[in-house]
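Okay, structure first, notes after.
The values are calculated or read from the model by the stated rules, or taken from the named source; none is laboratory data. Remember, predicted model here, so these are calculated numbers, not experimental data. Heads up, the Cβs are rebuilt from the backbone with ideal geometry, glycines too, and the neighbour counts pull from every protein chain shown. The accessibility values were calculated without ligands, DNA or RNA, using every heavy atom of the protein model including side chains. Shrake-Rupley method; radii C 1.70, N 1.55, O 1.52, S 1.80 Å.
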Amino acid sequence: MKAKDIIRGDIIYYRNGRVNIVNKADQYHKYFTNDFRNVAWNGYDIVKIKRFVKFLWFYRLKTIYKRYWSK
């Protein structure tokens, strides 16, 4: 998965503990490299990305990217 695969509505978890819902995906394409590291700030590396996926007539939350790290 690369930074261009992030779409509107994804839930982003950062290394510093912040959680964000994507509104403007092109900003993520501009400020993150393909390994989800921020070019400007060190604490804002993406650790996990979740997305709502339709299953039958329900939507469930699915983890589409996860980076393993130690605190």
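Details
- Tyr13 buried (at least 16 other Cβ atoms within 10 Å of the Cβ), within 9 Å of the chain's Cα centre (by Cα), assigned to a strand (DSSP E or B) and touching a residue at least 60 places away in the same chain (Cβ under 8 Å): no
- Qualifying residue in segment 33-46 (condition: within 14 Å of the chain's Cα centre (by Cα), open to solvent by 50 Å² or more (accessible area, probe 1.4 Å) and under 15 Å from Asn16 (Cβ atoms)): yes
- Total residues in segment 8-58, condition farther than 20 Å from Tyr68 by Cα and out of contact with any helix residue (DSSP H, G or I) (no Cβ under 8 Å at 6 or more places or on another chain): 16
- Members of segment 16-58 that are outside any loop (DSSP other than H, G, I, E, B), within 15 Å of Ala3 (Cα to Cα), charged (D, E, K, R) and without any contact (Cβ under 8 Å) to a residue 24 or more places away in the chain: Asp26, Lys30
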